[in-house]
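Q: Questions regarding the structure given below will be posed in turn.
The values are calculated or read from the model by the stated rules, or taken from the named source; none is laboratory data. Just so you know, these numbers come straight off a predicted model, no measurement behind them. Glycine gets a Cβ as well: all are built from the backbone with ideal geometry, and neighbour counts include every protein chain shown. Accessible surface areas use protein heavy atoms only, side chains included; no ligands, DNA or RNA. Shrake-Rupley method; radii C 1.70, N 1.55, O 1.52, S 1.80 Å.
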Amino acid sequence: MKLSVVIPLYNESAVVKLLLAKVHQNLVDIGEAFEMVCVDDGSNDDTLDQLLEIKAAHQELKVISLSRNFGLQAAIVAGLEHAHGEYVVVMDGDLQDPPELIATLFQKIQKSKGDVVSAVRNDRGEKRAKRFYIRVFHKIFKSVSEEKQLEQAGNFCILSRRAVTAILKFTEQNRYFPGIRNFIGFQHDLVFYDRPNRTEGISKMSNKKLFALAADAIYSFSKWPIKLCLYLGLSGVVVFLLAIVYTLVSKFTGLAPFGWSSTFLAISFFGSVQLTFLGVIGEYIYRIYKEVQNRPVYLIKEVYE
Ligand code: UDP
Ligand code: MG
């Protein structure tokens, strides 16, 4: 098996037929032995039925049905674990990652003899607000991450077997695939493309899911939240020292007695600093707890080989 294509799908009944027809055609054109690994992430529409229908006509399709919706990141892990190709493509199942680019990715990785080629978006045909906060996230993430991160790269990429093996060694609960893909090192090349808007169906990554993903990325690839605590704490100490000077000066210059405002300000300042600390530390403890529980990242209902 030369090439596997992993596609996570959650309620994509509007697009799945067209998607697989396109992916299939592009893979046939490449002319190597291939498989398509579709992970049905607990859809509650007829995505799975449609997949099985397509499977009846295309033996190259493998369908993994998860027991419920585990989220995009877990679905990618499930797909990678079931892909057997020498090279593995990961792509979204809504045609925003154009199937025509698979050939480009495949040629690039063969020519460069590298281990990862990521597709980077020049432009996104997406709503202005979403484009804006995704850009803000990428900027922040790039500057706070301990590893070098790519801007404007999503899941779309091709991986060598060596890279897939490396990525599957990560056992953390909250996986952020683009972050891990940068973490592993190896030769990593880029291909640029214009990302079209979603034409069928609606986005399955709700704002809530996107913000949770951003938090996962930042908490697992950066010390920044805990550092922020430290800096806030230190600035609190500076304010406290200034307040002492102010108090003493006012006392000895006869400006005192001063009223409740200074006391009140000090209390609210330190109160809020402490609450921020507790929030961030709580988040770390929650994450440690999750890791210790070591639950499976996804559960399979059925594999249709
Ligand atoms: N997806 C998934 N599980 C989820 C949410 C999304 O498998 O819980 C899939 C979805 O079907 C699509 C891909 O992940 O194939 C990207 O999702 P979407 O296009 O909704 O995200 P966006 O492009 O809006 O960020
Ligand atoms: Mg999309």
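Q: Only one of these conditions is not met by residue 165: (1) open to solvent by less than 50 Å² (accessible area, probe 1.4 Å); (2) out of contact with any Gly (no Cβ under 7 Å at 6 or more places or on another chain). Which number is it?
A: So the condition that residue 165 fails would be (1).
Q: Give the residues of the stretch 30-61 that are away from ligand 1 (no atom under 16 Å from the Cβ) and assigned to a strand (DSSP E or B), sorted by residue number.
A: Those that are away from ligand 1 (no atom under 16 Å from the Cβ) and assigned to a strand (DSSP E or B): 34, 35.
Q: Of everything in the stretch 99-108 that's more than 16 Å from ligand 2 (Cβ to nearest atom) and more than 23 Å from residue 50 (Cβ to Cβ), which residue is surrounded by the most Cβ atoms within 10 Å (Cβ to Cβ)?
A: Among those that are more than 16 Å from ligand 2 (Cβ to nearest atom) and more than 23 Å from residue 50 (Cβ to Cβ), it is 105.
Q: Something else about it: When only residues in the stretch 109-125 that are among the polar types (S, T, N, Q) and farther than 16 Å from residue 90 by Cα count, which is surrounded by the fewest Cβ atoms within 10 Å (Cβ to Cβ)?
A: Among those residues, the one meeting the criterion is 122.
Q: With the condition kept exactly as written, say whether any residue in the stretch 216-228 is in contact (Cβ under 8 Å) with a residue 24 or more places away in the chain, open to solvent by less than 70 Å² (accessible area, probe 1.4 Å) and within 14 Å of ligand 1 (Cβ to nearest atom).
A: Yes: the stretch 216-228 contains one or more residues that are in contact (Cβ under 8 Å) with a residue 24 or more places away in the chain, open to solvent by less than 70 Å² (accessible area, probe 1.4 Å) and within 14 Å of ligand 1 (Cβ to nearest atom).
Q: Out of 113, 55, 62, 108, report the one residue that is among the charged types (D, E, K, R), in contact (Cβ under 8 Å) with a residue 24 or more places away in the chain and touching a helix residue (DSSP H, G or I) at 6+ places or on another chain (Cβ under 8 Å).
A: Result of the check over 113, 55, 62, 108: 62.
Q: Starting from residues that are aliphatic (A, V, I, L, M) and crowded, with 17+ Cβ neighbours inside 10 Å, keep the ones in the stretch 126-159 and report whichever is farthest from ligand 1 (Cβ to nearest atom).
A: Going through the qualifying residues, I end up with 144.
Q: Moving on. For residue 238, state whether it is in a helix (DSSP H, G or I), open to solvent by less than 80 Å² (accessible area, probe 1.4 Å), over 30 Å from residue 68 (Cβ atoms) and not small (Gly, Ala, Ser).
A: For residue 238, the condition - in a helix (DSSP H, G or I), open to solvent by less than 80 Å² (accessible area, probe 1.4 Å), over 30 Å from residue 68 (Cβ atoms) and not small (Gly, Ala, Ser) - is not met.
Q: Going by the structure shown, is residue 42 open to solvent by less than 30 Å² (accessible area, probe 1.4 Å), within 29 Å of residue 124 (Cα to Cα) and small (Gly, Ala, Ser)?
A: So residue 42 fits the description; yes.
Q: Give the stretch 45-70 a look and list any residue that's open to solvent by 50 Å² or more (accessible area, probe 1.4 Å) and among the hydroxyl-bearing types (Ser, Thr, Tyr), or say none.
A: Listed by number, the list holds a single entry, 67.
Q: Kindly establish whether residue 183 is in contact with an Asp or Glu (Cβ under 6 Å, 6 or more places away or on another chain), buried (at least 18 other Cβ atoms within 10 Å of the Cβ) and in contact (Cβ under 8 Å) with a residue 12 or more places away in the chain.
A: yes
Q: If you don't mind, there's one more thing I want to ask. Yes or no: residue 23 within 16 Å of ligand 2 (Cβ to nearest atom) and either free of Cβ contacts under 8 Å to residues at least 60 places away in the same chain or closer than 18 Å to residue 101 by Cα (or both)?
A: For residue 23, the condition - within 16 Å of ligand 2 (Cβ to nearest atom) and either free of Cβ contacts under 8 Å to residues at least 60 places away in the same chain or closer than 18 Å to residue 101 by Cα (or both) - is met.
Q: Just to be sure I understand, how many residues within the stretch 200-242 are within 16 Å of ligand 2 (Cβ to nearest atom) and either polar (S, T, N, Q) or on the phi > 0 side of the Ramachandran plot (or both)?
A: 4
Q: Would you pick out the residues in the stretch 86-106 that are of a type outside the set (Val, Ile, Thr) and either more than 11 Å from residue 27 (Cα to Cα) or within 10 Å of ligand 1 (Cβ to nearest atom) (or both)?
A: Within the stretch 86-106, 86, 87, 91, 92, 93, 94, 95, 96, 97, 98, 105 meet the criteria.
Q: Evaluate the following for residue 11: is it at positive phi and within 15 Å of ligand 1 (Cβ to nearest atom)?
A: yes
Q: Also: Tell me which of these residue 96 doesn't satisfy, since it passes every other one: (1) more than 16 Å from ligand 2 (Cβ to nearest atom); (2) open to solvent by less than 40 Å² (accessible area, probe 1.4 Å).
A: Every listed condition holds for residue 96 apart from (1).
Q: Still on this structure, please answer the following. Which of the strands (runs of 3 or more DSSP E) found entirely inside the stretch 111-212 contain at least 3 residues meeting this: under 13 Å from the mean Cα position of the chain (by Cα) and closer than 18 Å to residue 101 by Cβ?
A: Ranges flagged: 153-160.
Q: Give the residues of the stretch 186-199 that are surrounded by 14 or more Cβ atoms within 10 Å (Cβ to Cβ) and within 16 Å of ligand 2 (Cβ to nearest atom), sorted by residue number.
A: Scanning the stretch 186-199 gives 193, 195, 196, 198.
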